[in-house]
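Written out below as structure tokens is the structure these notes cover.
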Amino acid sequence: MVIQNICSEWPASFNWVLQSDEEGCPNLQYFLDHLPACEVNVAVCDSKDFSDQTRKSISLHEFIDYWVVNHISDKGRVTVE
């Protein structure tokens, strides 16, 4: 048995992604409007902490600004300096 469309009515399935985008890119403006003070952890990929990348806490707004300014296109992967 395969269950289909189980989450098609969840608000996240249409609020969090751009509806006009076939690949489901994130709706960055939605996150800025609804989570203005949210802090997120990001990996500093050129810095190691034991066997993993160093983590850094920044605001979601700062992360999205970085994403937009750097025209991220590599499957949504972003690094923060």
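The values are calculated or read from the model by the stated rules, or taken from the named source; none is laboratory data. Keep in mind that this is a model prediction, so the values were computed, not measured. Glycine also receives a Cβ, built like all others from the backbone with ideal geometry; neighbour counts cover every protein chain displayed.
Here is how the numbers come out for the structure above:
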quantity: Qualifying residue in region 41-56 (condition: at pLDDT 85 or above, in contact with a Phe, Trp or Tyr (Cβ under 9 Å, 6 or more places away or on another chain), assigned to a loop (DSSP other than H, G, I, E, B) and at negative phi); calculated: no
quantity: The one condition in (1) small (Gly, Ala, Ser); (2) under 21 Å from GLU9 (Cβ atoms); (3) out of contact with any strand residue (DSSP E or B) (no Cβ under 9 Å at 6 or more places or on another chain) that SER51 fails to fulfil; calculated: (2)
quantity: Extreme residue, nearest to the chain's Cα centre (by Cα), among residues of region 1-27 that are of a type in the set (Phe, Trp, Tyr) and part of a loop (DSSP other than H, G, I, E, B); calculated: TRP16
quantity: Qualifying residues in region 59-80 (those that are of a type in the set (A, V, I, L, M) and either at pLDDT 55 or above or more than 11 Å from the chain's Cα centre (by Cα) (or both)) - the one nearest to GLN29 (Cα to Cα); calculated: ILE64
quantity: Considering residues of region 1-40 that are farther than 23 Å from ASP65 by Cβ and hydroxyl-bearing (Ser, Thr, Tyr) only, the residue modelled with the highest pLDDT; calculated: SER13
